[in-house]
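Notes follow once the structure below has been shown.
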Amino acid sequence: MRTDAKAASGTADTTIEFAKWVRHFEEERERGEAQGDPDWAQRATLPPTVWASIQRFQVGEDGDGANLVGKADEAGDAAYAQAVRLFVAEEQNHARLLALLLSAGGMPTLGGHWSDTVFVRLRRLMGLRLELLVLMIAEVVALRYYRALRDGTGDALTSEVAGRILADEQRHVPFHCERLHASMAELPRITRRPVLALWRVLLLAACLVVTADHGSALRRLGVGRLRFAADVMASSRAVVTAIRTPRPDAWGSVG
C-alpha cells in the first residue's frame, strides 16, 4: 500500500510540474501572437554561405513531431504530453520563420538534407528517454548557432528572427532537462553518470559534423570552428548538471 501510494504521489507531482510547462508554453504562444511576425517587407542580405547554412537548419526545424508526441502520450502524463505538443508547435514555427526569412532574401527552402535524415531515423529507433537525449544534442547545438546568427550577421531581419528562435530554445532545453531528470532517475544509479558521459561524447561528434558542414558560414558570423565546438561543450556541462540535479540556477546557466 505504501509503494502504491508513493507511486501515485509521484505521478501527481510530475503532472503538477509539467502543468507549469504547459502554462509557460501557452503564455509564450499568446505573447508571440500579440507581437506578430517580423516585417517581412525588409530585404534580408546575407553571404551565400550563411544562406546555405540557414537552409540546412530550416530543414532540421521542419517536422510534424508525431513520433515524439506518440511517445509522450505513451508515458502516461497528460500534462507532459500537452507540453510536448506545444513544444512541437514552437519548432514548427521556427521552420516557418526561417522559410520566410529565406524568402525575404530570395532563397528557396530545401527538400531535405542528409544530416536531418540520419538524425530523424536515429531518434525514431529509440524510446522516449533516448529520443530526448538525441534531441537534446540538436537543441544544445542550436543554442550556439542561433546566438551566432543573431549577433554575427549585421542584418536586422535575420537578427530578429534568430533572436526569437534563440529565446524559444533557451526555454526548450530546461523543459527537456526536467523530463530527463525524472527519466534518468529510473535507471540504476551506477549507470547514470556513464550515460551522460556518453551523451557528451555524441554531442561532440555531432558538433564536429556541424562545424565541418557549416564552417564557412560560422566564420562569416565571426565564430571559428574551434570556438563554436568549445562553446557547445561548455554549455553541455550545465545541461548535465540540470539533468542530474535540476534547480533554478542550473536552468539559468544553460545556453
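The values are calculated or read from the model by the stated rules, or taken from the named source; none is laboratory data. Not measured: the values here are computed from a predicted model. All Cβ positions, glycine included, derive from the backbone under ideal geometry; neighbour counts span all protein chains shown.
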Odd one out for Arg96 among (1) more than 30 Å from Glu17 (Cα to Cα); (2) at pLDDT 90 or above; (3) charged (D, E, K, R): (1)
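Condition check ((1) within 25 Å of Lys71 (Cβ to Cβ); (2) of a type in the set (S, T, N, Q)) across all residues:
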residue: Thr153; (1), (2): no, yes
residue: Thr211; (1), (2): no, yes
residue: His214; (1), (2): no, no
residue: Leu218; (1), (2): no, no
residue: Val240; (1), (2): yes, no
Going residue by residue through the range 185-194, is there one that turns out to be on the phi < 0 side of the Ramachandran plot, under 20 Å from the mean Cα position of the chain (by Cα) and in contact (Cβ under 8 Å) with a residue 40 or more places away in the chain? no
Modelled with pLDDT under 85, surrounded by fewer than 19 Cβ atoms within 10 Å (Cβ to Cβ) and in contact with a helix residue (DSSP H, G or I) (Cβ under 9 Å, 6 or more places away or on another chain): which single residue out of Arg129, Arg124 fits that description? Arg124
How do the helices (runs of 4 or more DSSP H) wholly within the range 138-255 filter down when requiring 3 or more residues that are closer than 25 Å to Glu27 by Cα and either at pLDDT below 95 or in contact with a helix residue (DSSP H, G or I) (Cβ under 7 Å, 6 or more places away or on another chain) (or both): which remain? 156-184, 225-244, 248-253
If I filter the range 24-49 down to residues being loosely packed, with under 12 Cβ neighbours inside 10 Å and among the basic types (Lys, Arg), which single residue comes out as modelled with the highest pLDDT? Arg31
